[in-house]
Amino acid sequence: MRALVACALLLLAACTREPEVHEADFLTFGTLVTVQVADAGEQRAQEALRALEQDFRFMHEQWHPWLPGSVNRMNLLCETGEAFVIPPTLLPLIERGRALERASGGLFNPAIGKLVALWGFHSDDPERDAPPDPREIRALLDAHPSMADLRVDGIMLTCANPAFRLDPGGYAKGLGIGQAVERLREHGIEHAMINAGGQAHAIGRHGERPWRVGIRDPFVGGVIGTLDLGGDEGIATSGDYERSYELDGRRVHHIIDPRTGNPTEAGVISASVVHRDPTLADAAATALVVAGPREWMRVARDMGLDTVLLVLHDRRLIATPEMARRLKRDTRGDYPMETVDPAQR
Ligand code: FAD
Ligand code: MG
């Protein structure tokens, strides 16, 4: 009998076993990145975490939107209209940026860096004393900056539009997370979670259970709900609350509608996208905030998204059927949720 009880207790312990987790935090991309590695052994985990920190530092330096680095140099050379050798670190930004702009119907457009800067967001502490001159905005809109302005010829690059300025802020975190996942795998890591301010990606499991994430409640703090992530899957949330400042009693935020040149006023406070591809999730979440409650279904269909949550300014939630099925709601902020299938609209 005693042996049986001991056996049952052992089984219970095995069922609820917490994995051995090694964790590292680093400040990069203007946010805190936290990486957790589970069940890999001390040495392997620490080596992988050190490699990741170096990779993120390198990407931060090369891709910084306004400090000296490859992106900055490219933007300066773009102004001249002359051909220059493409730094290899820019290739993923160029290739993915082009495809994502096309897929989103232009609502995600990393070539609008001049508009983002005009609104004061190329700074650690964004602010402006007065709104930008509408004529400056109009001139940039009329010039239609686009990733399609980049002409790649072998190793040479030319920018065909002086209004072009690359701003990787809307998809670099996703690209960085994607490269980090590859690096973890190179180090033989099978179970890990990367969390980078508003975006998370999981591989494998957290011991006996899946990795779990929360979707932030922008109204009262805490979370709207939680979600279990599959073995190679992540979630990106774009929120207009992430970067903003007060101007004449109004809040000016950082997600710019490429059609108007102004911070978007479509009525979405945040959009969350679950996807296997972290770069797509990052860009799509930004595009959905721009699209708003009337147009988001088209963007979801065109970008191949099936797990989406929109939080609207009027405290309503819109979820795709797959999101509604997977989201475990927190009862504190009990906002009404409508389920909408983009494929049916
Ligand atoms: P997302 O919604 O994913 O993206 C919004 C950002 O994308 C905006 O901030 C803007 O940059 C750009 N954007 C706006 N509208 C559009 C649109 N329609 N289409 C495409 N892109 C759009 N911040 C700091 O304060 N200090 C730093 O030192 C700093 N370093 C950084 C270094 C790197 C390499 C990168 C990539 C970012 C850095 N940032 C820094 C943060 C950056 O400025 C953005 O604020 C951040 O990337 C926004 O991420 P998000 O997930 O909140 O927003
Ligand atoms: Mg984004």
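Considering the stretch 102-125 alone, what residues qualify as being within 16 Å of ligand 2 (Cβ to nearest atom), buried (at least 21 other Cβ atoms within 10 Å of the Cβ) and part of a loop (DSSP other than H, G, I, E, B)?
Listed by number, the residues that qualify are 104, 107, 108, 109, 110, 111, 121.
Among the residues of the stretch 62-77 satisfying the criterion of being near ligand 1 (Cβ under 8 Å from one of its atoms) and assigned to a helix (DSSP H, G or I), which is surrounded by the most Cβ atoms within 10 Å (Cβ to Cβ)?
Looking at residues that are near ligand 1 (Cβ under 8 Å from one of its atoms) and assigned to a helix (DSSP H, G or I), I get 71.
Filter the stretch 185-201 for residues that are under 23 Å from residue 108 (Cβ atoms) and either more than 10 Å from ligand 1 (Cβ to nearest atom) or open to solvent by 50 Å² or more (accessible area, probe 1.4 Å) (or both) and give the result.
Answer for the stretch 185-201, where residues must be under 23 Å from residue 108 (Cβ atoms) and either more than 10 Å from ligand 1 (Cβ to nearest atom) or open to solvent by 50 Å² or more (accessible area, probe 1.4 Å) (or both): 194, 195, 200, 201.
Of the conditions (1) at pLDDT 95 or above; (2) part of a helix (DSSP H, G or I); (3) over 27 Å from residue 146 (Cα atoms), residue 93 clears all except one; give me its number.
The single condition residue 93 does not satisfy is (3).
Considering only the stretch 128-184, how many residues are under 28 Å from the mean Cα position of the chain (by Cα), exposed (fewer than 15 other Cβ atoms within 10 Å of the Cβ) and closer than 19 Å to residue 69 by Cα?
Of the residues in that region, 0 qualify.
Touching a Leu at 6+ places or on another chain (Cβ under 6 Å) and charged (D, E, K, R) - does that describe any residue in the stretch 300-310?
no
Please list, ordered by first then second residue, the pairs with beta carbon atoms under 8 Å, 6 or more apart or interchain, first in the stretch 311-326 and of a type in the set (Val, Ile, Thr), second at pLDDT below 95 and open to solvent by 90 Å² or more (accessible area, probe 1.4 Å).
none
Restricting to the stretch 57-101, and then to whatever is among the basic types (Lys, Arg) and touching a residue at least 24 places away in the same chain (Cβ under 8 Å), can you tell me which residue is nearest to residue 259 (Cα to Cα)? Before the answer, list the steps.
Step one: filter the stretch 57-101 for residues among the basic types (Lys, Arg), giving 57, 73, 96, 98.
The next check asks that each one be touching a residue at least 24 places away in the same chain (Cβ under 8 Å); those that pass are 57, 96, 98.
Numbers: 57: 34, 96: 21, 98: 17 Å.
Residue satisfying both the conditions and the ranking: 98.
Taking the options 263, 258, 293, name whichever one is in contact (Cβ under 8 Å) with a residue 24 or more places away in the chain and in contact with a His (Cβ under 6 Å, 6 or more places away or on another chain).
263
The values are calculated or read from the model by the stated rules, or taken from the named source; none is laboratory data. Model, not experiment: these values are computed from the prediction. Using ideal geometry, Cβ is built from the backbone for each residue, glycine included, and neighbour counts are taken over all protein chains shown. Each accessible area value is taken on the protein alone, full model and side chains, heavy atoms only, with ligands, DNA and RNA left out. Shrake-Rupley method; radii C 1.70, N 1.55, O 1.52, S 1.80 Å.
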